Structure formats: structure tokens, C-alpha cells
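The values are calculated or read from the model by the stated rules, or taken from the named source; none is laboratory data. All values derive from a computational prediction rather than experimental measurement. No Cβ is skipped: glycine too gets one built from the backbone with ideal geometry, and neighbour counts run over all protein chains shown. In case anyone asks, the SASA skips ligands and DNA or RNA and just uses the protein heavy atoms, side chains included. Shrake-Rupley method; radii C 1.70, N 1.55, O 1.52, S 1.80 Å.
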Amino acid sequence: MKRYSSAAAERKWQKTWEKEKQFFVPSAVKGKRKLYVLDMFPYPSGQGLHVGHVESYTASDIIARYYRMRDYAVLHPMGWDAFGLPAENYAIKTKTSPRIVVKKNVANFKRQINSLGFSYDWSREINTTDPEYYRWTQWIFLKLFKRGLAYQKEMPVNWCPSCKTVLADEEVVGGKCDRCGTPVERKNLTQWMLKITAYADRLLEDLDGIAWPEKVKTMQRNWIGRSEGVVIDFLPQGADRQAYARLSENKKIISKANPLRVFTTRPDTIYGATYLVVAPEHPLIEAVGNQLTNRREVDAYLRAARNKSDEERIAQGKEKTGVLLGGVWYINPATNKKIPVYVADYVLIHYGYGAIMAVPAHDERDFDFAKKHHLPVVPVVSPDGKTDSMVLPYTGNGVLIHSGSMDGKQAHDAAGDIVRMVDGKAHTQYKMRDWVFSRQRYWGEPIPLVFCQHCADKIKNPSPTGGQEKSKIKNLSKGEALNPGWVPLDEKDLPLTLPNVKRYEPTGTLQSPLSAVPGWVHTRCPRCGGPARRETDTMPQWAGSCWYYLRYIDPKNRHALIDPKKEKEWIPVSVYIGGVEHAVLHLLYARFWHKVLYDEKIVHAPEPFYRLVNQGIVLGSDGEKMSKSRGNVVNPDDIVKKYGADALRMYEMFMGPLEDAKPWDEKGIIGIVRFLERIWAMGQQFAKKTGRKKPAPNQEFTGALHRTIKKVTQDIEAFRFNTAISALMILSRRMDETLDSVPLRAFETFLALVFPFAPFMTEEIWRGVLKNKKSLGRHAWPVYAERYIAQEMVAIAVQVNGKMRGTITVPANASRDDALAAVSADPRLAPHISGKVVTRVVFVPDRIINIMCG
RNA sequence: GCCUAGGUGGCGGAAUUGGUAUACGCGCACGACUCAAAAUCGUGUCUCGAAAGGGAUGAGGGUUCGAGUCCCUCCCUAGGCACCA
């Protein structure tokens, strides 16, 4: 018997399939159902493909091949997320251009992917570092800018004083530079921000309509962190409240009044607000600087807070530090009593208004702080209306006490009245912050903006003629009004290509290496033609991956990001498969950009990915995450060489549920190899016996075959590949044992079922051994008929008083009485009920009979 | 601390409207083939028990004729968030 050579067959069919353009979608075929199966595209690292990639790409490949056999038009593309830090760092180390590194790595990835027989349509391959691709990334950025969704803000960055460079968060390990170990400093730097918060509500609400794992939806909801509450202004002692109200109605700035604005979700507890707390960065501190009676103490606290890294804050646990702002008094608008103000770093400047009203009786953090600083704790909500019936802090609902005219009311009922009384205003607050979009790096998309001082002056300074100079500037976009002097490039001038540089090293300043290319930096203002300088920061790696799924649909379009007709055909993506590590960042950023493009009418659906499937990570055989340093990394190339691509594909699907984390165990792969060899051997038998007698129809076998078709079909659609393979194994064993009576047609059906999992070997048997002309991939997916599945005889479980006693075999759909009779007739079961009084019988047809007797 | 999944043989895991727990595979043991080994094939493999029978799905309770599956309390593991007012 001819042995199966995986290497030869894989080479042969890889080439043939490519020649035959098996996976090419010229355009969606009219009338065909469409399916867009998308993988999270990889970062082409120097390490090559990971067995984790193989897992998720095999899953998507099975889905793609299955639906092609079901006659769907299937879009299944692949590309490269090739900007990013590792390529840049490698370029610094080896003094080669990241372009060269990326090219090499992409070639290796592509070779590996093809070796595994993944059925991608390579005519749609994209690369985020290709100027023809990032031209449109920049184009989308301009849309964001013009809509006023990009703005500049001072943000702290990680600075390594030894490497003299800005570090990404992942380059900071334990507060130290990952490369040299020097403690990292925080420096403020003006950064481009994207206003993702403007889309917070839509990002939250639209989660309801998409088929994503609940886990990922929960993570996004928590990340967005919407909470409904009220803002309340506290006035300083001596301020005239009526005057303040008038001023605030007129929207005039009230510098003297210095109201302190707080956000709270519990306005009903305001009678218990015994002090206020502001964050260390709060402007009030500077405003009251001169009247502080303990200025030195406050300054010392602020200094300490500023030097504390986030990590140190967390390391200190929940211990709450803070100091009084001596001599500063505010009025609680409910009680009209004066209350003190503290500065404490448990209040965060970027949440709400950076200030809170502290209600120690009903908030755990305020309670801790009050205890430590001996501040009064006044309970105002009681579960039963009594003053001493609760353990403080009590955060539940109840009846108001110590609350003046509100006493005795249900707290949540009285909230509205209280808010009106203190002039509070409803406010929705989010945890999510805007997206820091600048990177002081070389290897990213250049931001297509220039800064023009002349235009800045024109926008900022009203002209001496007293005119509205601002409106005289033609077509001033929201972005330019928001960022005076920043002028977007003309769309016609895109792409703004990344210039070649001699050195990829950091400049030793806070600027990106691009700032060291004078010929690139100095340019002309697209608006006034005067001298201007380019933005030298680049975009983060997330940018290119925010919209790549759109470009696959129309990858060569030179006139538009995507043709609207094609977009309608394929968006939203039917299934998106990838790791759960992208649950918030990538998947939130991509949804955000998609919604902006929706508002721009570039896309017609509000969400990009209809269904999301997470694959779990493949761990090393030690149960730990695979990493070079642990030495537990498995290279797919080695496994393919040893066992063949089909075996690797199938084994990764057989290891367990797709979404679970699973340890790699090379020993287990032998079971799959044996299974595949059994199929091969059967194929050889069928090839020999072409002239043999047609076997007599065997109803039982036909039933088993059809049940397997049903199971495999349902399991594939539900991504339960492990149990599908198990069903195929069971059928293969059965066929092997009774091969003489198995019709060729049945074996062919079986091959078709296996094809999506192990395309190389099944194709080799189908065309190479059984001499079929067309690819097995063109074969229609087998259909099952319920009439064959129905069994004549079924085994049903017998329980006596709820205890399993055995089984009986009865005709399908047998009645309760028939089943009871069968039990009585069974010599092993009858003794359990004979001579006893049957009090009740529970009977589930074809499943179980439970006989209660005394 | 909060949120989300989970906890089933020696191991990966089946059992998805509550209805025969441990499918399938690995490993292991024994047998066949072989001078021998590997490979392959066959048989067995939760546990106590000679058997009849009993006991097991993290622990303990509950609902039910019947619970791995539903409810309550607790323990443990993984992932996420981390003073969010």
C-alpha cells in the first residue's frame, strides 16, 4: 500500500489550488448568500507564526471552506498589521530599515500560512505600512480632524532619562525602563487626542445588537463606565447664592464666587456631606493659595502626590492620605452649614470634576478618610428610619433622617426634590477617556497636519478692523477652529509618505525621529502658502487596524476608501475571529472609527463586526504562556514537518473548545495521525475495488452516516470543532470495520465532511487516488435526511425510585405501557418492581422511564 | 474588593430545552504479530466490592420522580477592572 506523504501532497495541492483560484471572490456573485469570515490580522513578528495563530486561522478556514461548499460567496482575506514598536526597535539594533525587516517577516508568515493550507484570497492582501494603504488611514484621520474629533492636550508620557526617549506603557516594567532599568520619569507633552468619548453612548448602546461573547460586551461596558448622576455647585462661605445663580444663568464667568463643582450619583445623601475633597491637580488649590493657613503642608502634600507613580499609589493600597485646605470654607447648600475642604489623591482629577462631596456615613472611601481625619459622620439614610439601626458606612437605600424637611421620605423618591433645591443638574459621566493618538516614533503613519503660525494668528487674534476674521477664513473646519494654526493636508496630497531617515534612534528629545529630517519638516501651509512645519508625531499601531476589514473589500481602489456598492454587499463582517486580548482597545477603537465613517456615510451599517468569536490561547506544555524565555514555544513548522499540516490543523481543533485556553501536548497529536492514516488506508481500498459489487443497502449504516452529517454540520456552525471531529472518528471506525459493505458514495460523503478540517489529504484521496476531476472543495456539502436518522429501536433508561437500574430496547415512540411491559419482561429489571405497588410512573418517550414503587 | 468565565478519570475533554455521567483522543496494562523492538491491530481501564450492590462531576445545603446541568452558602482557578464619587 502506498504510504501518504504529507509533504508531497501539501506542495501539490497548495500550487493547484492557487492556479485554480479556488478562493478568489471576483465580486459577490448575484443571488448568492454572502459570508465575510475575518481573522484578526497578525503583526508579522520575527518569531514567525505562533501555534495560537494556527488555531484561530484553522477555525476560520473551516468555516470558510464549509460555507463555500454550501454555495455561499465567501470573503476570506488576510493582511499585515506591520507598523509598530518591535520592527522599529529591531531597526535601531541592526541599523536596517523597518521596511526591509517587515518585508522579510511578511514573506515568512505568508509561507507558513500557505503551508497550512489556509484558503485566503491573496488578491486582497493588504499591509498597513504600504503608502497606498495608509493613504486612507490618513484620510480617515483628516475626517476625524475636520469633524472636531481630534484635539491637542498636555498629557504625561513615560520618559527614560538614560535612553533619552519616550517609552510606550509596555516598555515600562515595574516603573523602570525595559531596556536599561533606569527609573522612568513622567513628563508632560502635547499630544493629539481623539474624542472617542463623544461616541460613548452609541458605543455602549449598540452593543445590544451584536452577537458578541457576553464577556467582551461586559468588558466594553465596564470600560466605557457610564454612570448617571448630578452636578452640584458648592459656594464658598460668604458668597451670595442668588447672585451666583443669576451669574450662572447668564453664563458669565464668576471668578470671585469660586464655586466648587462636584459630580455625585447620590444627591439624596447631601445632608450628610460634611466636607469636600478635591484632587491634587484641582485648580481650586492654586486659586485659594494665598488664603491657605497651612500652605507649606499643602505644598508638601502636592509634591508627594505628583511624584507618586500610579504603581506606587496602587501599592499603597486603599489607605487614604490627604490634608486640609486650611482657612477654606464652603457651604453645604442643603444644610447651609460651613464645611471644610481637603485635598486627597483618592479623588481623581480626570473623573467628573475632580472634586467630590464627601458623605462618610454612606460611602466606604469617604468613611475611611473621615475616620482617619476625625471628621464628623452624619447618617442621613436609614434602612428602617431609625437613627442607630445600621452599620456604617451604609450604602443601601432607605428612609431619610437628619435631612431637614426631607426627613421620613424614601431617599430615592426625594432625590429629585433635593436636586432642585440645591440647583443640581443631571449629568452623565463616563470612565472612558479620550484616546491618546500621538506617538513620538518613526515607524507609524505620519499625521497629515502642518502647523502654520500665520493662520494661527489669523484665527486667534481678531483683526484690528474689528471684523470677524475667523469667519473670513474660507471653509474653516471644526478641527481648525478647535486647534488654531493646525491645517489639514489636502486629500489630494495623500499619502503623506514616511520619509527615509538615516537613523532610527531616538533624538534625545521628546520629539520623534522625524523631527530630525529638516527637508521633511519644513513645508508650505496648504491654506495660506506660507512657511509651516509638519507634525512629526506618528499614529499608534491601532490606527491601521481600525478599518482594514473595509479595505479588503476593495483593496485596489485608487479613488475611494471603498466602493459604496461593494461595502453594502459585505459589511458588516459576518464572523470576526481573534484573541480576547483585544476585547477593549482594538475592538473599541475600530467600532469608534466605524461609527465616524457611518456618520460620514462611507459605511451603511452602524457596527463593523456582527459576530465575534474569541479563541483561547494555546499554552505551553507546562501550562504557562508560551514565551522564548520559558523555552516552551512550539514552532508550527516543526509540527508540519513531523506530522503534516492536516494533523496540526485537526489536532488544534480537537484539543478542546475553541474559546478555552489549552495546554499544548504533542503526545496527543498521534491520535489524529492515526485517524488520518485510517482514512488514507480506506481510500486505498476503495481505489483497488472500483469494479466491485455494489454492497447491499444497510439501513443502520445509512442512519449512522446521516446522523454524523447532521452532527458535523451543526457543530461546525456552532464552532464546536472538537466534537465534530469526535463524530467523524466514530464514523470512520465503523466504516473501517465493515468496509466491504460501505458504498463508495458513503465514503465520498465522509471525505467531504473531513475536507474543511484536513483539506490536503482528503483532496489527495479525492483527486489523486479516486481520480475525480474537480476539487473536493467544489463538492456540495452533504445533506442529511431526517427519515434516515430516525431509529427503529431505541434504548431507554430505566430508573426505579430515581435510581438507574438498566436499559430496555423498545421500538421508537413506544408508549408508556409498552415500556412498562418491557421492564416487567426483562429478567434483570423485573425483580426491582415485582411484588411492589407502583405509585407513579414518569415516562419520557425514547429517553427514560422512572418507576416509583413502595 | 468588583465583573466575567470555569472546577467532571492519570491527562485534553464529552454530556447546551434537567432524563443512561465519564463520548472521542492521549496515557497506561494485557494480548496478537515479531528472533526482538518499533509500528500496527485487539481487549481492558472512575472507585469500593468475590458478587449482589454501593459511592463519585470543588465542599455543604435545597428544589425535583430525576441535578454535572436549576437555586442558596462557601472554597479554589483563569481572565478583566482596580479609590470611577
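Pick out the one residue from A:Val106, A:Val101 that is touching a residue at least 60 places away in the same chain (Cβ under 8 Å), aliphatic (A, V, I, L, M) and over 20 Å from A:Ala590 (Cα atoms).
Numbers: A:Val101 fails: touching a residue at least 60 places away in the same chain (Cβ under 8 Å).
That would be A:Val106, the only listed residue that is touching a residue at least 60 places away in the same chain (Cβ under 8 Å), aliphatic (A, V, I, L, M) and over 20 Å from A:Ala590 (Cα atoms).
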Residue ID - nearest to RNA strand B (Cβ to nearest atom), chosen from residues in the stretch A:624-668 that are in a loop (DSSP other than H, G, I, E, B) and open to solvent by less than 40 Å² (accessible area, probe 1.4 Å) | A:Gly656
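Within 25 Å of A:Gly703 (Cα to Cα), in a strand (DSSP E or B) and either more than 8 Å from RNA strand B (Cβ to nearest atom) or not aliphatic (A, V, I, L, M) (or both), is that true of A:Ile851? Spell out how you get there, then give the answer.
Values: within 25 Å of A:Gly703 (Cα to Cα): no; in a strand (DSSP E or B): yes; either more than 8 Å from RNA strand B (Cβ to nearest atom) or not aliphatic (A, V, I, L, M) (or both): yes.
No, not satisfied.
Let's see how each residue does on (1) more than 16 Å from RNA strand B (Cβ to nearest atom); (2) modelled with pLDDT of 80 or more:
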site	(1), (2)
A:Leu144	yes, yes
A:Gly148	yes, yes
A:Glu154	yes, yes
A:Ser162	yes, no
A:Thr165	yes, no
A:Ile196	no, yes
A:Gly229	no, yes
A:Ala239	yes, no
A:Asn250	yes, no
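Could you say whether any residue in the stretch A:707-714 is more than 8 Å from RNA strand B (Cβ to nearest atom), free of Cβ contacts under 8 Å to residues at least 60 places away in the same chain, under 28 Å from A:Val613 (Cβ atoms) and aliphatic (A, V, I, L, M)?
The initial filter retains those residues of the stretch A:707-714 that are more than 8 Å from RNA strand B (Cβ to nearest atom), namely A:707-714.
Restricting the remaining residues to those that are free of Cβ contacts under 8 Å to residues at least 60 places away in the same chain gives A:708, A:711-712, A:714.
Add one more test, that the residue is under 28 Å from A:Val613 (Cβ atoms), and what stays is A:708, A:711-712, A:714.
Now drop any that are not aliphatic (A, V, I, L, M), which leaves A:712.
Yes: one or more hits.
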Taking the residues in the stretch A:669-686 that are more than 7 Å from RNA strand B (Cβ to nearest atom) and among the small types (Gly, Ala, Ser) as candidates, determine which candidate is least open to solvent (accessible area, probe 1.4 Å).
-> A:Gly683
Checked A:Asn336, A:Asn290 against criteria (out of contact with any Cys (no Cβ under 8 Å at 6 or more places or on another chain), surrounded by fewer than 22 Cβ atoms within 10 Å (Cβ to Cβ) and on the phi > 0 side of the Ramachandran plot); the one match is A:Asn336
Run A:Ile349 past the list (1) surrounded by fewer than 19 Cβ atoms within 10 Å (Cβ to Cβ); (2) closer than 15 Å to A:Ile270 by Cα and report the number of the one that doesn't hold.
-> (2)
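Among the residues of the stretch A:707-716, count how many are in contact with a helix residue (DSSP H, G or I) (Cβ under 8 Å, 6 or more places away or on another chain) and either surrounded by fewer than 20 Cβ atoms within 10 Å (Cβ to Cβ) or farther than 24 Å from A:Glu792 by Cα (or both). Quick ask: steps written out before the conclusion?
First, the residues of the stretch A:707-716 that are in contact with a helix residue (DSSP H, G or I) (Cβ under 8 Å, 6 or more places away or on another chain): A:707-712, A:715-716.
Keeping just the survivors that are either surrounded by fewer than 20 Cβ atoms within 10 Å (Cβ to Cβ) or farther than 24 Å from A:Glu792 by Cα (or both) gives A:707, A:710, A:715-716.
Count: 4.
The rows are residues; the columns are (1) at pLDDT 90 or above; (2) within 13 Å of RNA strand B (Cβ to nearest atom); (3) touching a His at 6+ places or on another chain (Cβ under 9 Å).
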site	(1), (2), (3)
A:Arg767	yes, no, no
A:Arg778	yes, no, no
A:Tyr784	yes, no, yes
A:Val798	yes, yes, yes
A:Val810	no, yes, no
A:Ala822	no, no, no
A:Ala825	no, no, no
A:Ile833	no, yes, no
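One line per residue, one yes/no per condition, for (1) within 12 Å of RNA strand B (Cβ to nearest atom); (2) open to solvent by 60 Å² or more (accessible area, probe 1.4 Å):
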| residue | (1), (2) |
| --- | --- |
| A:Gly354 | yes, no |
| A:Val378 | no, no |
| A:Lys386 | no, yes |
| A:Pro393 | yes, no |
| A:Lys409 | no, yes |
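Of all the residues that make up the stretch A:261-277, how many are buried (at least 19 other Cβ atoms within 10 Å of the Cβ) and either within 9 Å of RNA strand B (Cβ to nearest atom) or within 33 Å of the chain's Cα centre (by Cα) (or both)? Walk me through how you get there before you give the answer.
Initial filter on the stretch A:261-277 (buried (at least 19 other Cβ atoms within 10 Å of the Cβ)): A:262-264, A:266-277.
Checking the rest, the ones that are also either within 9 Å of RNA strand B (Cβ to nearest atom) or within 33 Å of the chain's Cα centre (by Cα) (or both) come to A:262-264, A:266-267, A:269, A:277.
Summing the residues that are buried (at least 19 other Cβ atoms within 10 Å of the Cβ) and either within 9 Å of RNA strand B (Cβ to nearest atom) or within 33 Å of the chain's Cα centre (by Cα) (or both) in the stretch A:261-277 gives 7.
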Give the residue that is least open to solvent (accessible area, probe 1.4 Å), with candidates limited to residues of the stretch A:545-588 that are within 16 Å of RNA strand B (Cβ to nearest atom) and in a loop (DSSP other than H, G, I, E, B).
-> A:Ala583
Complete set of residues in the stretch A:838-851 that are within 18 Å of A:Val794 (Cβ to Cβ) and exposed (fewer than 11 other Cβ atoms within 10 Å of the Cβ) | A:Arg847
Which one of these does A:His374 not meet: (1) modelled with pLDDT of 90 or more; (2) away from RNA strand B (no atom under 15 Å from the Cβ); (3) open to solvent by 20 Å² or more (accessible area, probe 1.4 Å); (4) within 15 Å of A:Ile270 (Cβ to Cβ)?
-> (4)
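Can you pull out the helices (runs of 4 or more DSSP H) entirely within the stretch A:705-801 that have at least 1 residues that are within 44 Å of the chain's Cα centre (by Cα) and more than 24 Å from A:Ala9 (Cα to Cα)?
Output list reads A:721-737, A:786-789.
Let me confirm something: among A:Glu786, A:Glu764, which residue is under 21 Å from A:Leu705 (Cβ atoms) and of a type in the set (Asp, Glu)? Talk me through it step by step, then tell me what you get.
Values: A:Glu764 fails: under 21 Å from A:Leu705 (Cβ atoms).
Residue meeting the stated conditions: A:Glu786.
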What are the residue pairs meeting all of these: first residue in the stretch A:667-685, first residue farther than 20 Å from A:Arg649 by Cα and in contact (Cβ under 8 Å) with a residue 24 or more places away in the chain, second residue part of a helix (DSSP H, G or I) and among the aromatic types (Phe, Trp, Tyr), Cβ atoms under 8 Å, and 6 or more apart or on different chains?
-> A:Met682/A:Phe747; A:Gly683/A:Phe747
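Of these, A:Gly768, A:Gly806, A:Gly854, A:Gly835, which one is closer than 30 Å to A:Tyr67 by Cβ and either surrounded by 12 or more Cβ atoms within 10 Å (Cβ to Cβ) or without any contact (Cβ under 8 Å) to a residue 40 or more places away in the chain (or both)?
Answer to the selection: A:Gly768.
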